[in-house]
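Peer 1: Quick one: this structure, given as structure tokens, is what I'll be asking you about.
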Amino acid sequence: MSVDGMAEGVPGGQLIQEGDYVVLKKQDVYKAVQVQRRKKIIFEKQWIYLDNAVGKHYGTTFEVTGGGNLQTKRSEAAAAEPKEAGADNRNIIDDGKSQKLTRDDIEALKEKGIKGQEIVQQLIENSTTFRDKTEFAQEKYIKKKKKKYDPNISILKPSSRILAMMYYAREPGKICQLRYDTLAQMLTLGNIHAGSQVIVMETCAGLVLGSVMERMGGYGSVIQLYPGTGPVRAATDCFGFPKSFSKSLYEFPLSKVESLISGTFSGHSRVSAERDSVQGGDEESNGSTAEKKEPAQDVDEESCPVTEPEGSADSSQPENQEEMEVSGEESNERDQNPEKKQIAMEKKRKQDERRRRESEAAVLLQNKNADGLIIASRFHPAPLLLTLLGFVSPSRPFVVYCQYKEPLLECYTKLRERGGVINLKLSETWLRNYQVLPDRSHPKLVMSSGGGYLLHGITVARETAKPNSSCPERTGEPAPKKLKVAELES
């Protein structure tokens, strides 16, 4: 349940800095941007600059001045209650003639530089029916005009709730229609906390991954399984996590999970071999290293020919000269373009770092001691769940989200047949907004139709049944039927 007027992003000790990711809020509209000086940002058909926001507290409210600059809005004194108010609205006729100011007059006031609050006051004074309205109707009228002519922009610190509301309102398809209350239940049912090791498989633009990392606070490890060539982390970047959080994040391609299970994954074997070589490096002697080098020498001798015809040697000389010339030209180009060389080295370094992190993720998965599993994907969850549960330790929770109920019903049935889980439950989240105002608190008429479905449970160790040799071997034919066959034969 959400309440109107709830304070979001109350100003705290943290200040807005250049390069930070922030969330702009105007009424009920959100947009995540990065703070950069002299960068034009278009927000709700209005372009602004965030230069003046640097150094201010998160949660500060700004008003847009001329040139798109932001100016801190001063706290206004509470408006005095209207002295005149009607008993009811039965005699008010909406004929469009109650407002004396025309659209041209309002545009002329804007060109003169008059602020939105003064324009709203002018509209109130030039309305012939304002004093005849009830007190509630007058407040509603003022609120409506302020929303149109006096829009303010608040800058909030990104959080999982704010980003989930932003994506759900603007682009719900990118997050698989995941609502913020459903996301909160996933984090709670998954027992996400600092110091845990969690496996996350999601295709929600990185929103679920960022929420898990936010709750863990940089402590523990998160293993993200991704489809395709690379993970999508658009929402994760909007959180603006410090660089230290990246040390606890590992990524592993979903296409290599099968090779990891079968033991044919090359990265894992390479990492284990390097680890064994490091551990046994002090115990190796010079004689053992020499023995290791001898087979390599034998291979070189076998691969190289003993004798070579003179004609072939002469014919190979021009080719060698051409190769030397080409290599010389390449070296000259490298010397002439140090920037390209540096870019190539940086690219190679990133590739090596990615392979190393992938190998580390493979080692963590191979240990099969994860503390939790969260799946929120546009793919069918059944094969993902049945495969990834093997990497989770016993007595650990798992949560699966899906926009539709039928795939989770299939997962429920297969898990019941397979075993290894307890407290298996399939639930649907339900949300309704309430308006909380004096003498007129009530549920809002417009509400979300659905927030998806959750399947959650707890893993347990599966015992393999051993055959009992003392029991007689059963036949597939029932005993009464065998007796009847024996009688017929006799």
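The values are calculated or read from the model by the stated rules, or taken from the named source; none is laboratory data. Bear in mind that the values here come from a model prediction, so they are computed numbers and not experimental data. With ideal geometry, Cβ positions are generated from the backbone for all residues, glycine too; neighbour counts draw on all protein chains shown. Note: accessible area is taken over every heavy atom of the protein model, side chains too, but ligands, DNA and RNA are not part of it. Shrake-Rupley method; radii C 1.70, N 1.55, O 1.52, S 1.80 Å.
Peer 1: Check whether at least one residue in region 133-145 is more than 21 Å from Q117 (Cα to Cα), polar (S, T, N, Q) and surrounded by fewer than 17 Cβ atoms within 10 Å (Cβ to Cβ), and report yes or no.
Peer 2: So the first thing to find is which residues in region 133-145 are more than 21 Å from Q117 (Cα to Cα), and the list is 134.
Next cut, polar (S, T, N, Q) only: 134.
In the following step, the residues that additionally are surrounded by fewer than 17 Cβ atoms within 10 Å (Cβ to Cβ) were identified as 134.
Looking for residues that are more than 21 Å from Q117 (Cα to Cα), polar (S, T, N, Q) and surrounded by fewer than 17 Cβ atoms within 10 Å (Cβ to Cβ), one finds at least one in region 133-145, hence yes.
Peer 1: Kindly indicate the residue of region 219-233 that is without any contact (Cβ under 8 Å) to a residue 60 or more places away in the chain, at negative phi and not basic (K, R) and also surrounded by the fewest Cβ atoms within 10 Å (Cβ to Cβ) among those meeting that condition.
Peer 2: T229
Peer 1: Scanning region 428-449 for residues that are touching a residue at least 60 places away in the same chain (Cβ under 8 Å) and open to solvent by less than 70 Å² (accessible area, probe 1.4 Å), which turns out nearest to the chain's Cα centre (by Cα)?
Peer 2: Here the answer is T429.
Peer 1: Which members of region 199-218 meet the condition of being open to solvent by 10 Å² or more (accessible area, probe 1.4 Å), assigned to a loop (DSSP other than H, G, I, E, B) and not aliphatic (A, V, I, L, M)?
Peer 2: T203, G217, G218
Peer 1: Pick from region 175-198 the residues that are part of a helix (DSSP H, G or I) and touching a residue at least 40 places away in the same chain (Cβ under 8 Å): which of them is farthest from P397 (Cα to Cα)?
Peer 2: From region 175-198, those part of a helix (DSSP H, G or I) are 175, 180-189; that's our starting set.
Keeping just the survivors that are touching a residue at least 40 places away in the same chain (Cβ under 8 Å) gives 175, 181-182, 185-186, 189.
Numbers: I175: 22, D181: 19, T182: 16, Q185: 13, M186: 10, L189: 7 Å.
For region 175-198, the residue satisfying everything is I175.
Peer 1: If you don't mind, another one. Could you grab me the full set of residues in region 110-132 that are part of a helix (DSSP H, G or I), open to solvent by 80 Å² or more (accessible area, probe 1.4 Å) and either over 23 Å from T65 (Cβ atoms) or in contact (Cβ under 8 Å) with a residue 24 or more places away in the chain (or both)?
Peer 2: Filtering region 110-132 down to residues part of a helix (DSSP H, G or I) leaves 110-111, 116-125.
Then keep just the ones that are open to solvent by 80 Å² or more (accessible area, probe 1.4 Å); that gives 110-111, 118, 121, 125.
Correct list: E125 only.
Peer 1: When region 420-448 is examined, which residues are found to be touching a Lys or Arg at 6+ places or on another chain (Cβ under 6 Å) and assigned to a loop (DSSP other than H, G, I, E, B)?
Peer 2: G420, N433, M447
Peer 1: While we're on this one: Out of the residues in region 353-400 that are open to solvent by less than 50 Å² (accessible area, probe 1.4 Å) and among the aromatic types (F, W, Y), state the one that is nearest to S266 (Cα to Cα).
Peer 2: So the residue we want is F391.
Peer 1: Continuing with the same structure: Criterion first (touching a Phe, Trp or Tyr at 6+ places or on another chain (Cβ under 7 Å), surrounded by 16 or more Cβ atoms within 10 Å (Cβ to Cβ) and of a type in the set (G, A, S)) does A164 satisfy it? Even if it seems obvious, please write down each step before you answer.
Peer 2: Values: touching a Phe, Trp or Tyr at 6+ places or on another chain (Cβ under 7 Å): yes; surrounded by 16 or more Cβ atoms within 10 Å (Cβ to Cβ): yes; of a type in the set (G, A, S): yes.
The answer is yes for A164.
Peer 1: List the number of the failed condition for L183; all other conditions in (1) modelled with pLDDT of 95 or more; (2) open to solvent by 20 Å² or more (accessible area, probe 1.4 Å) hold.
Peer 2: The one condition L183 does not meet is (2).
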